[in-house]
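**Student:** First, the structure itself, so that you have it in front of you.
Computed from the coordinates by the stated procedures, all read-outs in this text should not be read as laboratory data. All figures in this text were calculated on a predicted structure; none of them were measured in a lab. Here the Cβ positions follow ideal geometry from the backbone for every residue, glycine too, while neighbour counts run over all protein chains shown.
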């Protein structure tokens, strides 16, 4: 089973629960419209990797996200992650009205930083993603359609959230293809304080 790090402990997530279409600007850049209900899909544990691969049968696209690590049904830890997507496959599936698993839940489709203790207010978190030192994505709960407390409440209404589960809260605008050798640097801020800095080099 794949693992992540929470402070100094090792955690094995049983599942990764992902929220899609949670930033209006990202919805617009994808040429889509908000859903009537919160969009949810899942990735299994095998999706977790520490290697950012640019091509897996087709071009891979990146989506950076604020991530919540669950304990006792609540967000005990926070981190940053990359939700990797086979965009061409996703478009074919969407056009056919089919589920997204082939585009979202393939092996190696989720990268995570280490996790740290959740701050008192998740609403004051902000994510930044730089690609080759250029700011590509920035956002946080204040720009979300469903902020973290609402996400957790909605998820608990239909699926148990178990200790170690990860919730990916959606991506801001600025997504794009992963290019080989590109340097991805993600930061998670609480106000002006940096909680996490993580980097990945695409192969």
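**Student:** Roughly how many Å is it from the Cα centre of the range 1-55 to that of the range 116-139, as a whole number?
**Tutor:** 15 Å
**Student:** Still on this structure: Can you sort 126, 28 from fewest to most other Cβ atoms within 10 Å of each residue's own Cβ? Present the calculation step by step, with values, prior to reporting the outcome.
**Tutor:** Details: 126 19, 28 12.
Taking fewest neighbouring Cβ atoms as first place, the list is 28, 126.
**Student:** Give me the compactness ratio for the range 1-74, meaning the Cα radius of gyration over 2.2 N^0.38 Å.
**Tutor:** Working: Rg = 14.9 Å, N = 74, 2.2 N^0.38 = 11.3 Å.
Normalised by 2.2 N^0.38 Å, the Cα Rg of the range 1-74 equals 1.32.
**Student:** Along the three principal axes, how long is the range 137-193 when you take its alpha carbons, biggest first, rounded to the nearest angstrom?
**Tutor:** Here the Cα extents, ordered largest to smallest, are 41, 27, 21 Å.
**Student:** Now for a different question. How high is the relative contact order of the chain, given as a whole-number percent (alpha carbon pairs under 8 Å, six or more residues apart)? Numbers along the way, then the final one.
**Tutor:** Working: 488 pairs, mean separation 61.2, N = 203.
The normalised contact order for the chain reaches 30 percent.
**Student:** Give me the one-decimal nm value for the distance between modelled label points at residue 24 and residue 10, 7 Å along each residue's Cα-to-Cβ direction.
**Tutor:** About 4.5 nm, to one decimal.
**Student:** Where is the GNM fluctuation largest for the chain (alpha-carbon springs, 10 angstrom cutoff): 193, 25, 118?
**Tutor:** Result: 193 has the largest fluctuation of those listed.
**Student:** Grab the DSSP H runs of the chain that are 4 residues or longer, score each as -39,500 (n - 2.57), total them, divide by all residues and round the 222 nm result to the nearest 500 deg cm²/dmol. Don't skip to the answer; put the middle values down first.
**Tutor:** Details: 4 runs with 28 residues, N = 203.
My calculation for the chain gives -3500 deg cm²/dmol from helical runs alone.
**Student:** Under a plain spin-label model, where a point goes 7 Å from the Cα along Cα-to-Cβ, how far apart in nm are residue 121 and residue 94?
**Tutor:** In this crude label model, residue 121 to residue 94 measures out at 3.4 nm.
**Student:** Test of understanding: ordering 95, 83, 124, 50 by Cβ neighbours within 10 Å, fewest first, what list do you get? Mind showing how you got there, number by number?
**Tutor:** Details: 95 8, 83 25, 124 15, 50 11.
By the 10 Å Cβ count, ascending: 95, 50, 124, 83.
**Student:** Identify which of 117, 163, 72 has the largest mean-square fluctuation in a Gaussian network model of the chain, with springs joining Cα atoms closer than 10 Å.
**Tutor:** 72
**Student:** Test of understanding: ordering 5, 169, 85 by Cβ neighbours within 10 Å, fewest first, what list do you get?
**Tutor:** Starting with the residue having the fewest Cβ neighbours, the order is 5, 85, 169.
**Student:** Once you've got the GNM for the chain with C-alpha springs shorter than 10 Å, pick whichever of 123, 109, 32 has the biggest mean-square fluctuation.
**Tutor:** Of 123, 109, 32, the Gaussian network model singles out 32 as fluctuating most.
**Student:** Sticking with this one: Calculate the FRET efficiency for residue 201 and residue 157 from the Cβ-Cβ distance with a Förster distance of 35 Å, rounded to the nearest 0.05.
**Tutor:** Working: r = 40 Å, r/R0 = 1.14.
Step by step, r from the Cβ atoms, then E = 0.30.
**Student:** Another question about this same structure. Give or take rounding to whole Å, what are the principal axis extents of the alpha carbon atoms in the chain, in descending order?
**Tutor:** That works out to 40, 37, 34 Å along the principal axes.
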